[in-house]
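The values are calculated or read from the model by the stated rules, or taken from the named source; none is laboratory data. Predicted model only: the values in this text are computed from it and were never measured. All Cβ positions, glycine included, derive from the backbone under ideal geometry; neighbour counts span all protein chains shown.
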Amino acid sequence: MTRRLGVAEILKKISDLPNEIDRQNSLATCSDNTVLVMTLKYMFDPNIVFDLPDGDPPYKPTDFLDQESSYYTDFRRMYLFIKGGNPNLSAMKRETLFVQFIEGLDKQDAKLVLAMKDKKSPYPGITYDLVYRTFPGLLPEKQEEINTIIPTSVFVPILTKADPETETINSFDSSPSVDSGKLSVKERLKARREKIRKENAAT
C-alpha cells in the first residue's frame, strides 16, 4: 500500500519546483486535498486569526516515524485555535490543547502548523500570489504584502511581556529551561508564565 504523502511533504516538493508555472500546475492537482487547501487558507487569509501567542510553544517533537496521516485526521480540531472557534476555552486550555495537537504530528507537519499559526509560509515557493491564482475564491484580494518567508535555520526572537489584567501572554517562550522533558504540557506552560512574571517584576 502506497504511503500518503504528508501536507508538509507535498508543499515542500511544490515549492522546490524550478518555476512558477510548474508550481501552479502542481498545486492545482491538490484541489481535492481539503486539508492542504485549508492549510493554505489558514496561512494566508488575513481574516482568519489564531487565538494563540506568537512564536513556538515549549513542545516536544514526536520521535515516531510515518506520522503524516495524523494531520489529516486531526485537522478537524483546528477550529479550537481560531478566534471565535470556541470562546468558552480559557487561554491556558487552548494553549495546552495546541501543544498536544502539534506534539502528535509529524515533525515537518508540526513546523508547518507553527508557521501557519503565525501567518507565515515556511516554503519560499508557496506564496499568497501562487495560492490566489491557483484556487480562485479561496483568498481575498491581497491588499498588502502579508506573506513572510521564515528561514529554517534562524531563531526569531519573540516578545515575552504579559498582560497583567488577564495574565495571558503575548508570545510563546521556547527557552530550553521551560521545555523540560520531565514536565507535562500544562507544567511547561505554567513554568513559562511564571518565568515571564518574574522577568516583568524585575524590570
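For the reader, a short list of remarks on this structure follows.
- Of the residues making up the range 115-140, those that are surrounded by 14 or more Cβ atoms within 10 Å (Cβ to Cβ) and either modelled with pLDDT under 50 or part of a loop (DSSP other than H, G, I, E, B) (or both) number 11.
- Criterion violated by Gly84 - all others in (1) at pLDDT 95 or above; (2) more than 28 Å from Lys12 (Cβ to Cβ) satisfied: (1)
- Any chance Gln67 is closer than 17 Å to Phe135 by Cβ and surrounded by fewer than 21 Cβ atoms within 10 Å (Cβ to Cβ): no
- Selection of the range 124-145 for residues being more than 21 Å from Met78 (Cα to Cα), of a type outside the set (Val, Ile, Thr) and in contact with a strand residue (DSSP E or B) (Cβ under 9 Å, 6 or more places away or on another chain) yields only Pro124.
- Pairs linking a residue in the range 82-99 that is under 23 Å from Asn47 (Cα atoms) to a residue that is aliphatic (A, V, I, L, M), with Cβ atoms under 6 Å and 6 or more positions apart or on different chains, are Lys83/Val49; Asn86/Leu80; Glu95/Leu189; Leu97/Leu80; Phe98/Leu52.
- All positions within the range 56-81 that are more than 18 Å from Leu11 (Cβ to Cβ), part of a helix (DSSP H, G or I) and in contact with a helix residue (DSSP H, G or I) (Cβ under 8 Å, 6 or more places away or on another chain): Arg77, Leu80, Phe81
- Filter result (buried (at least 17 other Cβ atoms within 10 Å of the Cβ) and on the phi < 0 side of the Ramachandran plot) within the range 49-64: Phe50, Asp51, Leu52, Pro53, Asp56, Pro57, Pro58, Tyr59
- Checking Leu105 against (1) crowded, with 18+ Cβ neighbours inside 10 Å; (2) modelled with pLDDT of 95 or more; (3) not in a helix (DSSP H, G or I), the condition it does not meet: (2)
- Single match in Gln143, Gln100 (criterion: assigned to a helix (DSSP H, G or I) and either at pLDDT below 95 or at positive phi (or both)): Gln100
- Scanning the range 82-95 for residues that are among the hydrophobic types (A, V, I, L, M, F, W, C) and assigned to a loop (DSSP other than H, G, I, E, B) yields a single hit, Leu89.
- Note on the range 106-144: residues that are among the small types (Gly, Ala, Ser), without any contact (Cβ under 8 Å) to a residue 60 or more places away in the chain and touching an Asp or Glu at 6+ places or on another chain (Cβ under 8 Å) amount to 1.
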